[in-house]
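Accompanying notes for the structure given below.
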Amino acid sequence: MPTLLLPVSLPDFLTQPLRAQHDCVSTPQVDVRGLVVPGGYAVTETLLAALPKLEIISVFGVGYDGVPLPLCRQRGIRVTNTPDVLTDDVADIATALVLMTSRRLGEAEQHLRGGAWPQGAFPLAHALRGKIAGIFGLGRIGKAIAHRLEAHGLKIAYHGRQPQNLPWQYCDTLIELAKAADFLIVACPGGPETRHRVNAEVLSALGAEGTLINIARGSVVDEAALVQALENQTIRSAGLDVFENEPQVPQALRNCRHAVLLPHIGSATHETRRAMAQLVLDNLTAHFADQPLLTPVV
Ligand code: NAP
């Protein structure tokens, strides 16, 4: 049986079938042929150097920003991820964040639970119809978000590395997108290319009536600049599922009344996590049987 390294805890419904078909270890060993890690896990060069026989890295998630792809290509290490099966769930969470921020749902619920309702009605919030959603990174998840928000009456604009053959408005720059958007929605990959692309200048372009939504990676947003923009009310609100140093979320951000904060639950449903686990298993089975990978990155 091939030896697999599982360096961090993964769900039982993934580890049990993995252990049935492989020798699974939790610390690096020279005979390791496969590595299974959650999305975003930092696969360091030191770790790779300790695994001379590594053939495949299977990422339990779609984001492979923690995997050094050039080094993997150089060493002939295959990389797989779990795209598509999580798209709907993540797009649902983005849509929920748009609704939660615009209608102030978290605060409204606290108003009731805290007993404030008899003293007065909750303040008016903001409608979605006619507003513009600016999507940064119009891939699988970005498009699923766009379709959902169109159904809520929003208009769609987007920015990526190039325009796509789609009926939505393309903005040449992220600044232009932020200026146009009422909701700037981050759905691009993490990693060095997109690190801190949403910075103070972009937040200032989003403006005092704008909301930032991030379901992609915390690294894309300069969190200190975001806290400042929220505190100074130079943007209206933020809805975040991901953070720069998660699971640590700065107290200053937790103190922001106009931020809706979720603990990275984009794909966290029984159905989706099981479908992701099946893809990890199927990719590994295909690899060790010399069959084509189902969802190869490299
Ligand atoms: P995808 O289909 O690859 O879409 C990403 C899009 O981003 C691409 O269409 C690409 O469009 C654009 N892009 C890539 N590099 C860019 C850059 N440097 N600047 C601007 N745009 C860039 O990926 P996906 O399946 O939609 O997933 C997107 C991300 O969501 C993942 O990478 C992951 O980090 C995150 N995610 C989060 C959760 C969660 O639980 N919150 C769950 C799953 C995924 P162009 O080629 O046109 O630039």
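Under the rule a/c < 1.5 gives rounded, and otherwise a/b versus b/c splits prolate from oblate, where does region 152-240 land using the Cα gyration tensor? Intermediate results must be reported in sequence, preceding the final value.
Values: a/c = 1.83, a/b = 1.26, b/c = 1.45.
Because a/c hits 1.5 or more and a/b fails to exceed b/c, region 152-240 counts as oblate.
Applying the criteria of a DSSP loop state and at most 12 other Cβ atoms within 10 Å to the trypsin sites (Lys or Arg not before Pro) of region 117-174 yields R129, R161. Taking 27 Å as the straight-line reach from the Cα of K179, the lysines in range (excluding those fewer than 8 positions away in the same chain) are K131, K143, K155.
Using the alpha carbons alone, the radius of gyration of region 182-298 stands to its Kirkwood radius in an Rg to Rh ratio of 1.11. Need one word for region 1-87: rounded, prolate or oblate. Basis is the Cα gyration tensor (sqrt eigenvalues a ≥ b ≥ c); a/c below 1.5 gives rounded, then a/b vs b/c decides. Oblate, because a/c is 1.5 or more while a/b does not exceed b/c.
Please identify every one of the trypsin sites (Lys or Arg not before Pro) in region 8-111 that sits in a loop by DSSP and has no more than 13 other beta carbons within 10 Å of its own beta carbon.
Working: sites: R19, R33, K53, R73, R75, R78, R103, R104; in loops: K53, R104.
Passing both the DSSP loop test and the Cβ count: K53.
3J(HN,Hα) along region 136-151: 9, x, 8, x, 4, 6, x, 5, 5, 5, 4, 4, 5, 6, 4, 5 Hz, from the Karplus curve 6.51 cos²θ - 1.76 cosθ + 1.60 with θ = phi - 60°, whole Hz, x for Gly and Pro. On the chain, 51 percent of the accessible area sits on carbon and sulfur atoms, based on a 1.4 Å probe. Remark on I135: its backbone amide H falls under 5 Å from those of A157, Y158, H159, I185, a criterion applied only to residues 5 or more positions apart or on other chains, H modelled at 1.01 Å from N. Per the Debye calculation on region 87-261 with a single equal scatterer at every Cα and no solvent contribution, log₁₀ I(q)/I(0) for q = 0.11 Å⁻¹ amounts to -0.43.
Quick check on the chain: helices-only [θ] at 222 nm, where DSSP H runs of length 4 and up contribute -39,500 (n - 2.57) each and the sum goes over total residues. Nearest 500, please.
Working: 11 runs with 106 residues, N = 298.
That calculation yields -10500 deg cm²/dmol at 222 nm.
In the elastic network of the chain, a GNM with C-alpha springs shorter than 10 Å, the most mobile of L261, L112, L99 is L112.
Please identify every one of the trypsin sites (Lys or Arg not before Pro) in region 178-272 that sits in a loop by DSSP and has no more than 11 other beta carbons within 10 Å of its own beta carbon.
Values: sites: K179, R195, R197, R217, R236, R254, R257; in loops: R195, R197, R217, R236, R257.
When the trypsin sites (Lys or Arg not before Pro) of region 178-272 are filtered for loop state and at most 11 Cβ neighbours within 10 Å, R257 remain.
Here the Gaussian network model covers the chain, with springs between Cα atoms less than 10 Å apart; of N199, N245, N81, N245 fluctuates the most.
Distance between the 7 Å Cα→Cβ label points at Q278 and T3: 3.2 nm.
Surface analysis of the chain yields an accessible area of 49 Å² per residue, using protein heavy atoms and a 1.4 Å probe.
Amide H contacts of V260 (H built 1.01 Å from N, in plane; Pro and chain starts excluded): A238, G239, L240 sit under 5 Å, all sequence-distant by 5 or more or on other chains. The T285 and E246 beta-carbon pair, evaluated with R₀ = 41 Å, returns a calculated FRET efficiency of approximately 0.85. The alpha carbon gyration tensor of region 233-298 gives principal lengths a ≥ b ≥ c with a/c of 1.5 or higher and a/b greater than b/c, which makes the shape prolate. Compactness of the chain was expressed as the Cα radius of gyration divided by 2.2 N^0.38 Å, which yields 1.09.
Normalised by residue number, the volume inside the convex hull of the Cα atoms of region 68-176 is 173 Å³ per residue.
The values are calculated or read from the model by the stated rules, or taken from the named source; none is laboratory data. None of the values given here were measured: they were computed from a predicted structure. Note that we place each Cβ from the backbone using ideal geometry, even for glycine, and neighbour counts take in every protein chain shown. Keep in mind that these areas ignore ligands, DNA and RNA; they rest on the heavy atoms of the full protein, side chains included. Shrake-Rupley method; radii C 1.70, N 1.55, O 1.52, S 1.80 Å.
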